[in-house]
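Below: the structure, in structure tokens.
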Amino acid sequence: MNLPVAELHMHIEGSLEPELIFGLAERNAVPLPYADLDDLRSRYEFTDLQSFLDLYFANMQVLRTAQDFADLTRAYFARASAAGVAHVEFFFNPQAHINRGVPLTEVLDGIMDAVAGSEREFGLSSAAIAAILRDRPVSEAEEMFSEILRLQSPIIGLGLDSAERGNPPSLFEDVFARARAEGLHVVAHAGEEGPPEYIWQALDLLGAERIDHGVRALEDPALVERLVDEEIPLTVCPLSNVRLCVVDSLAEHPLRTMLDAGLVVTVNSDDPAYFGGYVDDNFAQLRDQLGLTDAEQDTLARNSIKASFATEARKAELL
Ligand code: HPA
Ligand code: ZN
């Protein structure tokens, strides 16, 4: 890639590569239901978001200690840095770990240790966003967020992910209001499998500063106009959309339609260990299959820096 890129939509647990799954399973004596790497890899065929989430949550079982979370995060930073990523804002799912008995302090200590060293070790600035599991009870999200605040963890924002259909943003109005009152950034997955209405809700009820995915915004011209007028960034994940059957193929991906409509689009990997590649792979395949031009690629790269929550000084360095 020609210009520095910011990756704004990736789930750190979704960068858990098969080799690391086996390595951590051995280190932590966690039994795996897979015969070998090939057996595990043969399961990476998804029909929708839920079929992916089932494997994503199952494989997380190997993450136990702060060291595991630090190793996972550093492995992603190393790979992202090689992909040309200069700044990253990544999600993590605290409830997915708390609910299986892993103390939140282990998760935060490991992730934040890697974040603190990312510029020195990988030449990459980084920040973490705690993401709420929207298919779990609202009270659980409230408790998780209270615990993060109590621990004074240096997260930069609150996000919303997991199974979208039937779990509208409106459920989480109060916890997002608390996050904004705390001065945190707020973002939400919306319009991946869910309807445009969920994007309206994310904007109007949660105060989302960016929409994660948002590809279904195109079904609603008034919504597109709002997103364009307010320059709300959409963190689009092309390979993810193909793997989760949100679109039929990269050649048919609406990315160019979105750019041409004037939307502030960025390209991201979502869950790179599961969806066939990192940010550089997303760009390379968009070039091959959608005919993404150099000029479009540069626009996407600049959009990602501008849409980031990096300091103005850091943005100026990267633009
Ligand atoms: N969508 C919703 N939730 C997720 C995803 C995704 O693509 N990846 C990890 N959690
Ligand atoms: Zn995502």
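The values are calculated or read from the model by the stated rules, or taken from the named source; none is laboratory data. The shown structure was predicted, so the numbers you read here are calculated from the model rather than taken from an experiment. All Cβ positions, even for glycine, are placed from backbone atoms using ideal geometry, and neighbour counts span all protein chains on display.
Here is how the numbers come out for the structure above:
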quantity: When residues of the stretch 163-197 are limited to those that are in contact (Cβ under 8 Å) with a residue 60 or more places away in the chain and in contact with a His (Cβ under 8 Å, 6 or more places away or on another chain), the one farthest from Arg243 (Cα to Cα); calculated: Glu164
quantity: Helices (runs of 4 or more DSSP H) fully within the stretch 13-128 counting 2 or more residues that are within 16 Å of ligand 2 (Cβ to nearest atom) and buried (at least 18 other Cβ atoms within 10 Å of the Cβ); calculated: 49-59, 66-82, 94-98
quantity: Check on Leu160, away from ligand 1 (no atom under 16 Å from the Cβ) and either modelled with pLDDT of 95 or more or farther than 29 Å from Lys306 by Cβ (or both); calculated: no
quantity: Filter result (closer than 17 Å to Ala261 by Cα and buried (at least 22 other Cβ atoms within 10 Å of the Cβ)) within the stretch 278-297; calculated: Leu292
quantity: The stretch 54-72, subset among the acidic types (Asp, Glu) and in contact with a helix residue (DSSP H, G or I) (Cβ under 9 Å, 6 or more places away or on another chain), residue nearest to Ala96 (Cα to Cα); calculated: Asp68
